[in-house]
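> The structure follows.
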Amino acid sequence: MYDRRVTMSSLVNGVVLAGGRSRRMGGKQKPLALLHGQTLIQHVINIVQPQVNRLLLNVNDGPLSLSSTGLPTLSDSCSGHLGPLAGILTGMEWTAREYPDINYIFSTPVDCPFLPKDLVGKLLAEREAKQADLALATSADRIHYTVGLWPVSQKDRLRSALLFGGIRRVEAWVKRHSIVLVDYKVERIDPFANMNSPEDLLLAETLMRG
């Protein structure tokens, strides 16, 4: 049977945003925090990698032991810890340099271990249907600004906005574009729930065991 999802996965690269400082994780590096016997970053890789052409890990702080993933790892391409937009820019520039035929990247934070397995395909399809610049995920009436689809062609504009325009919040960058929102229902847990603290991990562990 013709599987449109497989075809669409070749149109987009992915970047896992793991460059934050993990201030609420009790001193632990968030990507390596354990949930149900696996690190957070491995949970995200397992879900996202089958949905994209190639996957990049964006990591800034500390020597993380990620060689076992076999995936490329890059720190922000602009200095100063400028937030998730810098990680998105890094994914755009990496894609433009290494995969010039790829027009979009998908981004997600490293602390979302319950991401939908059909997410990238849905974002691509809705963006195409509505001819929007960007596609973002939503749930429970909340827009998840770092879970979305971004055109690689915007890399120079984004770099300029970061370095010279004072743009830091993803929401501010999004508002400069036309967007389409792809909504997911919340059932046992929000599919875009962030693991920000040891307490969040404990709750997620309880749900996964249940």
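The values are calculated or read from the model by the stated rules, or taken from the named source; none is laboratory data. These numbers come from a predicted model, not from an experiment. A quick note on method: Cβ atoms are made from the backbone with ideal geometry, for glycine too, and the neighbour counts reach across all protein chains shown.
> Filter the stretch 177-198 down to residues that are assigned to a loop (DSSP other than H, G, I, E, B) and in contact (Cβ under 8 Å) with a residue 24 or more places away in the chain, then give me how many there are.
13
> List every residue pair whose Cβ atoms sit under 7 Å apart, with the two residues 6 or more apart in sequence or on different chains, where the first one lies in the stretch 139-157 and is under 14 Å from Leu115 (Cα atoms) and at pLDDT below 95 and the second, anywhere, is basic (Lys, Arg) and surrounded by fewer than 13 Cβ atoms within 10 Å (Cβ to Cβ).
Taking only residues 6 or more apart or on different chains, not a single pair turns up.
> Is it fair to say Val174 is surrounded by 13 or more Cβ atoms within 10 Å (Cβ to Cβ), within 20 Å of Val52 (Cβ to Cβ) and touching a residue at least 24 places away in the same chain (Cβ under 8 Å)?
Here the answer is no, as Val174 does not meet what is asked.
> Taking the stretch 36-54 on its own, how many of its residues are at pLDDT 95 or above and crowded, with 21+ Cβ neighbours inside 10 Å?
Total meeting the criteria: 6.
> Filter the stretch 71-85 down to the residues that are within 12 Å of the chain's Cα centre (by Cα) and either among the charged types (D, E, K, R) or surrounded by 24 or more Cβ atoms within 10 Å (Cβ to Cβ) (or both) and list them by number.
Leu85, the sole residue that qualifies.
> Restricting to the stretch 85-130, name every residue that is in contact (Cβ under 8 Å) with a residue 40 or more places away in the chain and assigned to a loop (DSSP other than H, G, I, E, B).
Across the stretch 85-130, the qualifying residues are Tyr99, Ile102, Asn103, Val110, Asp111, Cys112, Pro113, Phe114, Leu115, Pro116, Lys117, Asp118.
> Please determine, by comparing only the residues of the stretch 144-171 that are in a helix (DSSP H, G or I) and of a type in the set (A, V, I, L, M, F, W, C), which one is farthest from Glu93 (Cα to Cα).
Val170
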